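Here the structure is laid out as structure tokens; the discussion comes afterwards.
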Amino acid sequence: MKKKIILLGTTWPFRSGGISTFNERLSKALIEDGNEVINYTFSLQYPSFLFPGKTQLSDQPAPEGLDIRIKVNSINPLNWISVGREINRLKPDLLLLRYWTPFMSPCLGTIARITRKNKHTQVIAIADNITPHEKHFFDNLLTRYFTKSCNGFVTMSRAVLNDLKRFRAEAPMIYTPHPLYDIFGKIVTRENALNRLNLSDQYRYLLFFGFIRDYKGLDWLLEAFGAEKLRKFPVKLIIAGEFYTSSEKYLQLIKEKNLTDNVILRTDFIPDQDVANYFGAADMVVQPYKSATQSGVTQIAFHYNKPMLVTNVGGLGEIIPHGKVGYVVNPGPEAITEAIYDFYKNDRNVFFTSNVVAEKEKFSWGTMVETIEIVFNKILKKGS
């Protein structure tokens with residue numbers, strides 16, 4: 001039976017990032033499956049003093065084919081009550097919440113509780129994180145408030161699934177891998193990508209992509225890239241993404257390691273239409289995270305048939321078969337250096353790339369839709 005679904009989470013008019021891109025793509029997959037989908041997005045997502053980037057809002061037109069309603073103020077309790085009552089009256093079969101930080105717990109948890117009073121709507125959370133990357137003493141209290149407001153859960157890493165069991169072990173919950181990001185355009189040839197980015201074809205390129213936050217380990221990557229044994233390779237590192245933390249220590253590392261000529265900084269926000277070029281230019285995508293659950297960058301890399309180097313933290317290594325599509329290494333600069341050295345010394349690009357093409361077939365949006373349906377049916381069965 002097809003359902004009336006409200007997906008509450010970040011979408012346009014906020015800038016495309018991992019969460020808004022995911023929500024818009026999932027909405028389209030749910031619609032393709034025959035469901036009626038309404039998107040409730042934020043009127044205010046973060047107060048400006050809590051937002052580390054330059055702007056929260058997109059300069060792109062609204063995505064076609066989506067019913068997006070700008071409704072939710074994350075810091076206004078009166079708004080939470082109003083939105084909760086509105087969704088309660090609309091009586092969707094499913095309220096699908098996107099959860100990624102305890103900051104959103106009071107807002108999302110209150111709306112879910114009020115909605116559920118209609119005795120019809122089931123609430124499922126797609127949880128990116130349960131234990132946040134940047135921890136605070138009140139995290140568990142807020143997380144508990146949110147998780148108790150939901151009927152069931154979908155996670156995109158086993159690490160998050162295990163964290164969730166500490167709060168709601170009795171609730172229906174399923175892990176399914178993060179689907180591919182296939183909305184940034186077709187694969188671009190290396191030659192075209194380099195031309196569009198004004199990069200020389202005399203060098204090979206590694207790519208660090210996405211918003212730059214301290215837990216993503218860019219400092220480890222710069223230390224690793226500065227190792228003497230990598231100097232003999234004609235390789236440069238592209239850092240593509242906006243700083244969401246102070247840039248000072250990273251720029252200082254580049255200077256200390258004498259990497260000024262070896263690092264390409266593209267640290268403004270990367271618009272959707274340029275994503276394919278950065279992945280087209282790269283031989284391998286490097287994610288040297290210090291902590292992680294899952295990453296949308298991995299799924300962009302899969303879409304563009306790119307080998308990956310990830311650290312063995314959280315759920316990053318769950319979908320990267322080591323030695324087949326790339327490397328899963330111990331956290332720290334030394335292991336990252338050794339993997340990069342092996343990649344270029346033994347010319348593993350073609351081998352890894354062919355395996356990425358085969359491996360990525362399992363990460364479909366249809367699987368995500370089916371997983372949500374399974375959790376929904378488990379909730380109904382549990383309640384009967």
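Over the range 149-233, the pair-distance histogram of Cα-Cα distances with 5 Å bins from zero comes to 3, 9, 12, 12, 13, 16, 11, 9, 7, 5, 3, 0 percent, rounded to whole numbers.
Max-minus-min Cα coordinates of the range 190-361 on each principal axis give 40, 35, 33 Å, with the largest extent listed first.
Pairs exceeding 22 Å between alpha-carbon atoms, taken from LYS71/LYS91; LYS4/LYS186; LYS4/LYS117; LYS28/LYS186; LYS71/LYS165; LYS255/LYS345: LYS4/LYS186; LYS71/LYS165; LYS255/LYS345.
Direction-averaged projected area, Cα convex hull, the chain: 18.4 nm², rounded to one decimal. Estimated from helical segments only, the mean residue ellipticity of the chain at 222 nm is -11500 deg cm²/dmol, where each DSSP H run of four or more residues counts as -39500 (n - 2.57). Here the contact order of the chain, divided by its residue count and restricted to Cα pairs under 8 Å and six or more residues apart, works out to 15 percent. Full extension of the chain between SER246 and ASN198 gives 14.6 nm of extra length, using 0.36 nm per residue less the Cα-Cα distance.
The trypsin sites (Lys or Arg not before Pro) of the range 86-141 that DSSP puts in a loop, and whose beta carbon has at most 15 other beta carbons within 10 Å, are LYS117, LYS119, LYS135.
By the beta-carbon count within 10 Å of each Cβ, the least crowded to most crowded order of ILE5, ILE81, ILE183, fewest first, is ILE81, ILE183, ILE5. Computed from the mean reciprocal separation of all distinct C-alpha pairs, what Kirkwood hydrodynamic radius does the range 47-204 have, in Å? That comes to 18.4 Å for the range 47-204.
Per residue, the convex hull spanned by the alpha carbons of the range 261-382 comes to 148 Å³.
Remark on LEU309: its backbone amide H falls under 5 Å from those of VAL285, VAL286, GLN287, TYR327, a criterion applied only to residues 5 or more positions apart or on other chains, H modelled at 1.01 Å from N. Taking loop as defined by DSSP and a crowding limit of 12 other beta carbons within 10 Å, which GluC sites (Glu not before Pro) in the range 126-208 fit? Qualifying residues, ordered by number: GLU134, GLU170. Summary of the geometry: the range 249-265 and the range 176-247, compared by the centres of their Cα atoms, lie 14 Å apart. Derived value for the range 138-193: Kirkwood hydrodynamic radius 13.9 Å. Basis is the mean of 1/r over every pair of different alpha-carbon atoms.
Just so you know, the averaged projected area of the alpha carbon convex hull for the range 310-384 sits at 6.6 nm². Given a cut-off of 13 Å, what percent of all Cα-Cα pairs of the range 269-339 lie beyond it? So the pairs more than 13 Å apart make up 63 percent of the total in the range 269-339.
Computed from the coordinates by the stated procedures, all read-outs in this text should not be read as laboratory data. Owing to the predicted nature of the structure, the values given are computational and were not obtained by experimental measurement. Glycine gets a Cβ as well: all are built from the backbone with ideal geometry, and neighbour counts include every protein chain shown.
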